[in-house]
Amino acid sequence: MLKVTNITRGTTVGEKIELADTSMTRMFGLLGHKGLDAGEGLWIKPSSGVHTFFMRFSIDVIGLDRELKVIKLWRCLPPFRVTSVSMKLKSVIELPCGAIKAADVRIGDSLEIVSADSRG
């Protein structure tokens, strides 16, 4: 599990974030999930965009560049939608709907991603 912190704003984006960094984990993503609880999410890398085909719930999506700087936000993306695709995007974080607002994430913010077991 990973913890994602918005170091620009000093907020926690999620503390139970799973990593999807293989072709299989990226392909299946959140398919089969019934929803995400607060603090949960999925970091997909590499990724230049996402879809919500066959999902049962809306999600917030944060698009990141190589340095984990926020370059795109999608709020409450409903099922059966596709985000725009950008070669500038290097990874995305899928979160419960409302997580972007709760963590006050904005374009240009810098995120930090560390093991949830890290101390300090």
Close pairs (6 angstrom Cβ cut-off, 6 or more residues apart or separate chains): without any contact (Cβ under 8 Å) to a residue 60 or more places away in the chain and within 14 Å of residue 29 (Cα to Cα) in segment 82-101, surrounded by 12 or more Cβ atoms within 10 Å (Cβ to Cβ) and polar (S, T, N, Q) anywhere: 91/47; 92/47
Which listed residue is surrounded by fewer than 17 Cβ atoms within 10 Å (Cβ to Cβ) and on the phi > 0 side of the Ramachandran plot, from 65, 37, 104, 117: 104
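Table: residues versus (1) over 21 Å from residue 80 (Cβ atoms); (2) modelled with pLDDT under 85.
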| site | (1), (2) |
| --- | --- |
| 10 | yes, no |
| 17 | yes, no |
| 20 | no, no |
| 25 | yes, yes |
| 44 | no, no |
Residue among 93, 113, 107, 71 that is assigned to a loop (DSSP other than H, G, I, E, B) and β-branched (Val, Ile, Thr): 107
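The values are calculated or read from the model by the stated rules, or taken from the named source; none is laboratory data. Bear in mind that the values here come from a model prediction, so they are computed numbers and not experimental data. Methodologically, a virtual Cβ is constructed for each residue, glycine included, from the backbone with ideal geometry; neighbour enumeration extends over all protein chains shown.
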